[in-house]
Every structure is written in structure tokens, then in C-alpha cells.
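Since the structure comes first, as C-alpha cells, the remarks are kept for the end.
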Amino acid sequence: MAYELYYWDGIQGRGEFVRLALEEAGADYIDVTRQPGRGTGAMLEIMKSEAEPHIPFAPPFLKDGDLLISHVANILFYLGPKLSLAPEDESLRYVANCLQLTITDFVAEVHDTHHPIDVSLYYEDQKQEAKARSAAFIRDRIPKFLGYFERVLTRNTKGTEHMVGNALTYVDLSLFQVIEGLTYAFPNAMANSMAEYPALLALHDSVAKRPNIARYLASPRRLAFNEEGIFRHYPDLDAAR
């Protein structure tokens, strides 16, 4: 049976971290809310179900037969071994999960740059607060997180081509997406700073060249970044060049 991925239609968002793993592995999957006749209603039906005993709090979530799994890091921890995108060494699988959870923290902070006060308010209702939050994010948080990932990558005893172990994992794919998203949201800030993270930049470029990923990025399945997702480009929030 095909995996069923549930996420909001029309945006990459957190669902993209799962899509990249499925696409790299050439897995058979259905992006449910993008299917004619199903749409977002099919996702909300599960979330509001009175019969499903383990309803997810929010998307993304994945169905594999009768199994329902939510949260990006949890989904990838499950899929990684099945898709050959997790270390063979079981102990390193927990290292990979720790890295993915750190990425989860980072992505939450990205979201808060444009919604620092109230997620129910529009960006336009909190622009001044967003400018202050973004300035601090660019100054302090991007270097903290990317600096950490750079150190982990360069200290990998199996080689600096991958974040953990000696082969591609879902963590590499997720960091590719993080750098893509940050470059879209904060192009000036990233242009100013990426030279400080040469190993991460090399990892990003190598992932982009992988045949399945390259085909996916060039296909209509890869949704464009937009101002409805997590990574949003508001020029007022970016750094100066």
C-alpha cells in the first residue's frame, strides 16, 4: 500500500521534510490533500474523528496501513529505516533523531519571526514585533543553530559528507530544506553568512544534485515557497546587504 501523507494543501511547510524523504527513496506515496475529491477535508476528517483513538494534534501525519503517525521527527524516525535513510547502527538512529528534533526547534523559531505575538493574528498586525524578533533571530539564532550543525557535520568520524554515519539520512535532507527555506526567507542574511558554514553549504549542494531530489525539485510536485508557509519572505524582516 502507498504511504498517505496529510498536510495543508498549497504550502511546503513541515510536510516538506517528509516529502523529501519519500521522494529521495522513490517511495510510493499519496499527498492526500492534493488529490481530487479528497482535499483538506480528508485531513480534517481524521483530525476531528470521533472513532479514531489516536487522533493527531496537527499535520503533518502519515498513514501506513492502519498505523497513524504524527510529528515530523517521529514520522522520519519511523520511515528512516524503511526507506534506507537511517543509519544501520541502531545507536546512531537516536543521534539522527536528536538532530531532527533540533531542526524541529529551529523551524519553530523560524515561524515565530513572522508571528511573534499571536499565531491567530496576521503578520500585518504584528509587523513591528516581527521586525524586532527577526533581527534577533538573524543576529543570534541563525548562527547558533547553523554553527551547531556545522560543528556536528565536520566532527562526524565517518566523514564530513553526511550529518550522521557514512551515508545519506533524512537529517541531511532536512538540513537541505532548512537552508533552502532560510535562503528564501532571509536572502540577504544568508548571503552575508553562508561562507561561515562551508560544510553545510556543500551538504546542501550535494543533496540538490541527487537524481531523485533533482527530479522532484524540477517537478510540479515541489510546491513553491510562499507567504502562507513557515519560511516567508518579507523584505522588512531581512538583513541589509
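Data overview
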item: Selection count where residues are open to solvent by 70 Å² or more (accessible area, probe 1.4 Å) and part of a helix (DSSP H, G or I), scope the stretch 56-76; result: 1
item: Verdict on A224 being surrounded by 15 or more Cβ atoms within 10 Å (Cβ to Cβ), at pLDDT 95 or above, not in a helix (DSSP H, G or I) and not hydroxyl-bearing (S, T, Y); result: no
item: Residue count, the stretch 151-190 (criterion: in contact (Cβ under 8 Å) with a residue 40 or more places away in the chain, more than 24 Å from E23 (Cα to Cα) and open to solvent by 20 Å² or more (accessible area, probe 1.4 Å)); result: 4
item: A51 aliphatic (A, V, I, L, M), assigned to a loop (DSSP other than H, G, I, E, B) and modelled with pLDDT of 95 or more; result: no
item: Search result, residues across the stretch 13-41 that are surrounded by 15 or more Cβ atoms within 10 Å (Cβ to Cβ) and free of Cβ contacts under 8 Å to residues at least 40 places away in the same chain; result: Y29, I30, V32, T33, R34, R38, T40
item: Residue that is nearest to the chain's Cα centre (by Cα), among those in the stretch 13-47 that are in a loop (DSSP other than H, G, I, E, B) and at pLDDT 95 or above; result: R14
item: Inter-residue pairs, beta-carbon under 6 Å, first free of Cβ contacts under 8 Å to residues at least 40 places away in the same chain and in the stretch 129-143, second of a type outside the set (D, E, K, R) and open to solvent by less than 40 Å² (accessible area, probe 1.4 Å), 6+ apart; result: E129/P116; R133/T113; R133/P116; F137/T113
item: Tally of residues being over 24 Å from I30 (Cα atoms) and surrounded by 14 or more Cβ atoms within 10 Å (Cβ to Cβ) across the stretch 77-88; result: 1
item: Residue that is out of contact with any Lys or Arg (no Cβ under 9 Å at 6 or more places or on another chain) and farther than 23 Å from G165 by Cβ, where the choices are L20, L79, L68, L85; result: L68
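The values are calculated or read from the model by the stated rules, or taken from the named source; none is laboratory data. None of the values given here were measured: they were computed from a predicted structure. Ideal geometry is used to build each Cβ from the backbone, glycine not excepted, and the neighbour counts take in all protein chains shown. These area figures cover heavy atoms from the full protein model, side chains too; ligands, DNA and RNA do not enter into them. Shrake-Rupley method; radii C 1.70, N 1.55, O 1.52, S 1.80 Å.
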